[in-house]
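Quick notes on the structure that follows.
The values are calculated or read from the model by the stated rules, or taken from the named source; none is laboratory data. Since we're looking at a predicted model, the values are computed, not measured. Neighbour counts are summed over all protein chains in view; Cβ atoms, including those assigned to glycine, are modelled from backbone coordinates with ideal geometry.
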Amino acid sequence: MRKKSSNRSGSLGDPKYQDPVVERAINAIMECGKKNIARNIVYKAFDIMEKKNQENPLETFRKAISNVAPVVEVRGKRIGGATYQIPIEVRADRRLALAMRWIKENSLKRGGRSMADKFAAELLDASNNQGNSVRKKEEVHKMAEANKAFSHFRF
């Protein structure tokens, strides 16, 4: 008999906004277990976004995440000696993880003074459907669209 799947206990959220998605962003930014530094980066980025946009930074952040999160992606599957790129739908938790990863990677590549500045700029671009993170999502979607013919190989 198979074991039951484990329940993922959701975190209560970060101290300032009590939002689990912001907590995930802090964890994505964190390096070497330095959570306070990661929190400072995210909160400073939110302050910068609020100054530039005059909007609620939490709403801008959510909009950016939803604009970057992919709906479909391709996975390789080997069939009869050939590897096919098969488009599959992305689960909600993976969608969020990919969006966070892409935003972090593209923030690091940006020119700017501090990580907070770069992170804020990337989030503002993503909320306006611009920037490298949104471009990455569009590439993934194009790849899935191009390989739609192999979707009958889905696992």
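Based on what the data block shows, is PRO87 in a loop (DSSP other than H, G, I, E, B) and in contact (Cβ under 8 Å) with a residue 24 or more places away in the chain?
no
Looking only at the stretch 65-83, count how many residues are in contact with an Asp or Glu (Cβ under 8 Å, 6 or more places away or on another chain) and not in a strand (DSSP E or B). So that I can check it myself, show each step before the final result.
Taking the stretch 65-83 and keeping what is in contact with an Asp or Glu (Cβ under 8 Å, 6 or more places away or on another chain), we get 71-72.
Of the ones still in play, those that are also not in a strand (DSSP E or B) are 71.
Selection size over the stretch 65-83: 1.
When you scan the stretch 103-121, do you find a residue that is in contact (Cβ under 8 Å) with a residue 24 or more places away in the chain, in a strand (DSSP E or B) and of a type in the set (Ser, Thr, Tyr), even just one?
no
Would you point out which residue out of VAL42, VAL71 is in contact with a helix residue (DSSP H, G or I) (Cβ under 9 Å, 6 or more places away or on another chain), modelled with pLDDT of 95 or more, among the β-branched types (Val, Ile, Thr) and surrounded by fewer than 16 Cβ atoms within 10 Å (Cβ to Cβ)?
VAL71
So, in the stretch 39-70, exactly how many residues are touching a residue at least 60 places away in the same chain (Cβ under 8 Å) and within 12 Å of the chain's Cα centre (by Cα)?
So the answer is 8.
State which residue is surrounded by the fewest Cβ atoms within 10 Å (Cβ to Cβ) when the search covers only the stretch 105-155 and only residues that are out of contact with any strand residue (DSSP E or B) (no Cβ under 8 Å at 6 or more places or on another chain) and among the hydroxyl-bearing types (Ser, Thr, Tyr).
SER114
Check ALA149, ALA144 and return the single one that is part of a helix (DSSP H, G or I), among the small types (Gly, Ala, Ser), free of Cβ contacts under 8 Å to residues at least 40 places away in the same chain and more than 30 Å from ASN40 (Cα to Cα). Break it down stepwise before answering.
Values: ALA144 fails: free of Cβ contacts under 8 Å to residues at least 40 places away in the same chain.
On inspection, the qualifying residue turns out to be ALA149.
I want to confirm something. Restricting to the stretch 141-155 and keeping residues that are under 24 Å from the mean Cα position of the chain (by Cα) and basic (Lys, Arg), which single residue is nearest to ASN67 (Cα to Cα)?
The residue in question is LYS142.
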